[in-house]
1. Which residue pairs have Cβ atoms under 6 Å apart, sit 6 or more places apart or on different chains, and have a first residue in the range 29-56 that is farther than 14 Å from K11 by Cβ and in a loop (DSSP other than H, G, I, E, B) and a second that is open to solvent by 10 Å² or more (accessible area, probe 1.4 Å) and at pLDDT below 95?
2. Out of (1) touching a strand residue (DSSP E or B) at 6+ places or on another chain (Cβ under 8 Å); (2) in a helix (DSSP H, G or I), the odd one out for T130 is which?
3. Restricting to the range 367-407, count the residues that are open to solvent by 10 Å² or more (accessible area, probe 1.4 Å) and under 14 Å from V264 (Cα atoms).
4. Hey, can you tell me all the residues within the range 402-426 that are of a type in the set (A, V, I, L, M, F, W, C), away from the ligand (no atom under 16 Å from the Cβ) and outside any strand (DSSP E or B)?
5. With closer than 24 Å to M160 by Cα and over 20 Å from the mean Cα position of the chain (by Cα) as the only criterion, which of G276, G329, G321 stands out?
6. Of the numbered conditions (1) in a helix (DSSP H, G or I); (2) open to solvent by less than 10 Å² (accessible area, probe 1.4 Å), Y343 satisfies every one except a single condition; which is it?
7. Starting from the range 290-315, take each residue that is farther than 19 Å from D381 by Cβ and list its partners that are within 16 Å of the ligand (Cβ to nearest atom) and in a strand (DSSP E or B), counting only C-beta distances under 9 angstrom and pairs at least six apart or across chains.
8. Can you name every residue in the range 292-304 that is open to solvent by 10 Å² or more (accessible area, probe 1.4 Å) and either within 15 Å of the ligand (Cβ to nearest atom) or part of a helix (DSSP H, G or I) (or both)?
Amino acid sequence: MATPARPKVFKNFINGEWIEARSGKAIENRNPANTGELVGMFPASTEEDVNLAIDAAKGAYDKWRLTPAPKRAEILYRAAEILIERKEDYSRDMTREMGKVLAETRGDVQEAIDMTYLMAGEGRRQFGQTTPSELPNKFAMSVRTSVGVAGLICPWNFPMAIPSWKAMPALVTGNTVVIKPAEDTPLSTYNLMQVLSEAGLPRGVMNVVFGDGPEAGAPLLNHKDVGLVSFTGSTEVGRIVSQACAPSFKKCHLEMGGKNIIIVMDDANLDLAVDGAVWGGFGTSGQRCTAASRVAVHKKVYSEFVEKFVARVKALKVGDGLDPSTDMGPCINEQQLKTVMKYVQIGKDETAKLATGGNRLESGAWGRGWFHEPTVFSDCDPKMRIAQEEIFGPVVAVIPFEDFDEALDIANGVQYGLSAAIYTRNVNNAFRAQRDLQTGIVYVNAPTIGAETHLPFGGIKNTGNGHRESGEAALDFYSEWKTVYIDYSDRLQRAQIDNA
Ligand code: UN1
């Protein structure tokens, strides 16, 4: 199926129709590599639009939850097939609205495809338990049930992957959805919605409301008909989301900040570790929750590592992600670029050593976008702000350490706990690290990025609130357990405790 032409002026998708926002106002979606290019105008939705979307989702819920899960899944299979056909077009759309290089936006669409297939498979699984009862002629089991209307609030850094992480498990377990994409990357969610609609998703089952967080996201948090909320974004906003969900006891999943580390031991394959640090630190311009924004290196190999790492970082080509020779694209927007510049100044003031980078790129074509040099600070103290706070940009802090225990203390000495990596050939240290690193994800001899869709994704400490996305773990968030006892004895049987 060929990709349909995308309009320039977009609408919300509510109850199976593309409709204008009540406010009549729009938000510009511009290319961060070339701000002169307008990708599209998207609705600036408000509470009225969100309420309409929630009503539609509520109206569609009973029929959808009663549709057999394997039938729900067939729609997901079809959606995945269409995504495969349109992968190239949607990847290009994504690079234009988000800036990351084409190889990475292809990966983003691929991640959506993988997640859609995975969750389609769950249509025929969603296993519960059957177990003996303590009483004769009695059957005991547990089944997953849907929750209701799911409110999904998405970030801009994985514009199709993360909406699919949330929408696919929500849909296959029988929930209906209202999704609010990030205002910087609405087109990729438009594309995903278009595909699901063509794949046969019934009207009202998934609704898209475009707009910003306070106007179009917040109304999802307080609405009595929303049963669960999933949010990916900053820890600061996550706290607001959590508090807003608390009074009505909404199920609330939060995926927030990270300050992920790569530990390089003295027995590591140093070239491999350099490869990992470059990719982990500067892939997606450092704009991943899982980005390796800290690299801790054993003193014995410190100078050799820094020399090799800095040489590789200096050679990265920054530019428009549609150019195949580009290694790293721009920051997502002006505000994010300013945050990066602010932290570079903080690093200098803290007297970290600026090993490379440190400047906005403004000459020539760079001047049209939000570009920043890939930047490395070396000789960092682990307590420095650049080694503690999430920057979400192309800035890496390199920290020397004396021994394994100190490396672990550095790794765990931050408020976040998403992803960590260790490069070592010592099996004992590898196993100790996977046990003692306080993160939801650990890599050995691989960088902090690159999570696969069929395993749990998420973090501890100020990164998460106890739930996981991806894999079977996602089903635990998007469904409720129901325990069912069937007594076929034809008499009142009291449970063991009531007969004691
Ligand atoms: C994110 O950084 O927000 O593991 C998600 C990875 C990707 C997902 C990252 N598969 O880097």
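The values are calculated or read from the model by the stated rules, or taken from the named source; none is laboratory data. Computed from a predicted structure; not experimentally measured. Positions of Cβ are generated from backbone atoms using ideal geometry, with glycine treated the same way; all protein chains shown enter the neighbour counts. The accessibility values were calculated without ligands, DNA or RNA, using every heavy atom of the protein model including side chains. Shrake-Rupley method; radii C 1.70, N 1.55, O 1.52, S 1.80 Å.
1. As it stands, the answer is T46/S23, since those pairs meet every condition given.
2. With (1) touching a strand residue (DSSP E or B) at 6+ places or on another chain (Cβ under 8 Å); (2) in a helix (DSSP H, G or I) applied to T130, the lone miss is (2).
3. Result for the range 367-407: 6.
4. Correct list: F404, A407, L408, I410, A411, V414.
5. G321
6. (2)
7. Pairs found: T290/N260; T290/S419; T290/I441; T290/F457; A291/N260; A291/V396; A291/S419; V313/V396.
8. Residues satisfying the conditions are S293, K299, K300, V301, Y302, S303, E304.
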